[in-house]
Amino acid sequence: MKAIILAGGPGTRLRPLSCTRPKLLFPILNRPALDWTLENLSKAGVSEVVLAVNYMAAALQAFLGRRKYGLRILYSKEPRALGTGGPIKLAEKILKLKPGEPLLILNGDIWSDVDFAALREAHRRHMEEYDAVMTLTLREVKDVSRYGVVEVDGKGRILKFREKPRGGKRKGLINAGIYLTDRKIFRRLEERRFSLERELFPRLAEEGKLYGFKHEGLWSDIGKIEDFMAVNFKVLELRAEGRLEIGRGAKVAREAQLRPPVWVGEKAKIAAGAVVGPYAVLGNGVHVGERCKIKKAVVFDRAEVGARSLIQDSVVGEGAVIGRGVKIRDQTVIGDHAFVADALKLVRKVSICPHKEVGISLIGPRILA
Ligand code: GDD
Ligand code: MG
């Protein structure tokens with residue numbers, strides 16, 4: 001089985017952190033989101049993966065190289081953004097699928113434990129029994145409005161597909177962004193800006209050729225800051241099982257308190273009197289000053305937090321420098337290498353762009369560009 005990962009979106013909803021890194025390299029417990037997916041693909045027996053890249057393609061390529069977890073990695077770079085369908089058509093020649101060979105298509109920004117082998121088996125059945133062209137992984141969520149929404153019958157056939165329909169919050173089944181098909185799909189795609197969700201899926205549903213595979217395990221789209229944080233905390237809960245994970249070479253002062261679940265990256269330093277957690281993910285080489293409080297927060301590699309500062313329900317970017325006695329709260333996001341002067345308050349959805357120097361307190365929602 002081969003796979004193609006849609007990895008070229010600009011990650012607009014993850015700004016300002018996505019100004020300096022592609023969405024798929026956002027860290028989940030200090031490991032890029034894409035790494036988790038590649039490892040799962042390798043375990044499911046996938047041999048080759050094509051990364052459909054566009055935004056920050058060079059960063060992805062430099063990070064991954066040509067081989068990881070035993071997978072051969074190939075790149076398909078678009079001349080311009082081709083949406084979700086165009087990049088698959090563009091990669092047809094690179095994928096070189098044999099007749100009947102299964103193709104797994106993934107939205108790269110999904111963190112999940114979807115059973116790819118079971119999806120493949122479900123699609124094989126749907127093809128045999130109903131001549132299906134594609135099987136979509138489906139997921140039940142409390143608010144369908146941000147997703148592709150499906151209606152299914154008792155046999156798992158998708159009767160209707162609507163991308164982000166208006167009509168407010170409601171519970172229902174959505175497209176989880178992981179599909180199974182084969183080379184028959186290429187005839188239905190075009191090498192232009194093409195949306196699978198708006199152009200292909202509704203048509204396949206009308207023809208009765210689109211089927212669903214329900215996934216009830218872990219699943220999240222990391223495309224929004226809140227979701228990105230929530231995934232980190234979920235994985236932290238699962239991995240650390242309520243304990244602490246402290247990376248190699250990290251130095252935690254005896255007078256510091258770590259309240260699980262907490263993840264401390266390699267060579268991080270936590271000074272006396274600091275209280276870290278519950279729910280804190282500290283990257284490699286992070287410095288936490290004396291009597292700081294950090295909870296429900298993700299702090300990227302090598303960020304420094306000055307003495308007596310508070311970071312709560314927020315994200316601090318790589319190499320950012322936070323002064324002393326600073327309060328950062330309520331879904332505030334500090335871009336990479338930004339500098340926040342002493343004693344400031346950045347509260348309620350304040351976004352600071354990378355390399356910015358902040359000299360005044362801000363109450364959001366606000367973007368400091
Ligand atoms: N190569 C390439 N080129 N990739 C792209 C492009 C492009 O022009 N545009 C988007 N992508 C990639 C993104 O990086 C992401 O991995 C995937 O395609 C989906 O794009 P998003 O922008 O994240 O879409 P979404 O989250 O709003 O909606 C999609 O995912 C939902 C599940 O999370 C849709 O597939 C929905 O139907 C689905 O419910
Ligand atoms: Mg998404």
>> Filter segment 267-277 down to the residues that are open to solvent by less than 50 Å² (accessible area, probe 1.4 Å) and not aliphatic (A, V, I, L, M) and list them by number.
In response: 273, 277
> With respect to residue 34, is the statement that it is surrounded by 22 or more Cβ atoms within 10 Å (Cβ to Cβ) and either outside any strand (DSSP E or B) or more than 16 Å from ligand 2 (Cβ to nearest atom) (or both) true?
Replying inline: yes
> In the list 86, 177, which residue meets the criterion of being near ligand 1 (Cβ under 9 Å from one of its atoms) and either farther than 18 Å from residue 41 by Cβ or among the basic types (Lys, Arg) (or both)?
Replying inline: 86
> For segment 105-115, does any single residue satisfy the condition of being more than 16 Å from ligand 2 (Cβ to nearest atom) and either part of a strand (DSSP E or B) or open to solvent by less than 30 Å² (accessible area, probe 1.4 Å) (or both)?
Replying inline: no
>> What's the total number of residues in segment 1-31 that are within 14 Å of ligand 1 (Cβ to nearest atom) and either among the small types (Gly, Ala, Ser) or surrounded by fewer than 22 Cβ atoms within 10 Å (Cβ to Cβ) (or both)?
In response: 11
> If only one of 193, 183 is touching a strand residue (DSSP E or B) at 6+ places or on another chain (Cβ under 6 Å) and surrounded by fewer than 22 Cβ atoms within 10 Å (Cβ to Cβ), which one is it?
Replying inline: 193
> Does residue 163 meet the test of being within 14 Å of ligand 2 (Cβ to nearest atom) and more than 18 Å from the chain's Cα centre (by Cα)?
Replying inline: yes
>> Could you tell me how many of the residues in segment 120-178 are assigned to a helix (DSSP H, G or I), open to solvent by less than 10 Å² (accessible area, probe 1.4 Å) and either in contact with a helix residue (DSSP H, G or I) (Cβ under 7 Å, 6 or more places away or on another chain) or of a type in the set (A, V, I, L, M) (or both)?
In response: 2
> Any idea how many residues of segment 266-277 are modelled with pLDDT of 95 or more and either in contact with a helix residue (DSSP H, G or I) (Cβ under 7 Å, 6 or more places away or on another chain) or assigned to a loop (DSSP other than H, G, I, E, B) (or both)?
Replying inline: 7
> Inside segment 280-307, can you point out the residues that are crowded, with 24+ Cβ neighbours inside 10 Å and part of a loop (DSSP other than H, G, I, E, B)?
Replying inline: 283, 286, 292, 300, 303
>> Taking the criterion of being over 18 Å from the mean Cα position of the chain (by Cα) and not assigned by TED's automatic domain parsing to the domain that holds residue 130, would at least one residue in segment 218-234 satisfy it?
In response: no
> If we keep just the residues of segment 230-246 that are out of contact with any helix residue (DSSP H, G or I) (no Cβ under 9 Å at 6 or more places or on another chain) and open to solvent by less than 10 Å² (accessible area, probe 1.4 Å), which is farthest from ligand 1 (Cβ to nearest atom)?
Replying inline: 240
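The values are calculated or read from the model by the stated rules, or taken from the named source; none is laboratory data. If you're wondering where the values come from, they're calculated on a predicted model, not measured in any experiment. Note: ideal-geometry Cβ built from the backbone for every residue, glycine included; neighbour counts use all protein chains shown. We work out accessible area using only protein heavy atoms, side chains counted, and drop any ligands, DNA or RNA first. Shrake-Rupley method; radii C 1.70, N 1.55, O 1.52, S 1.80 Å.
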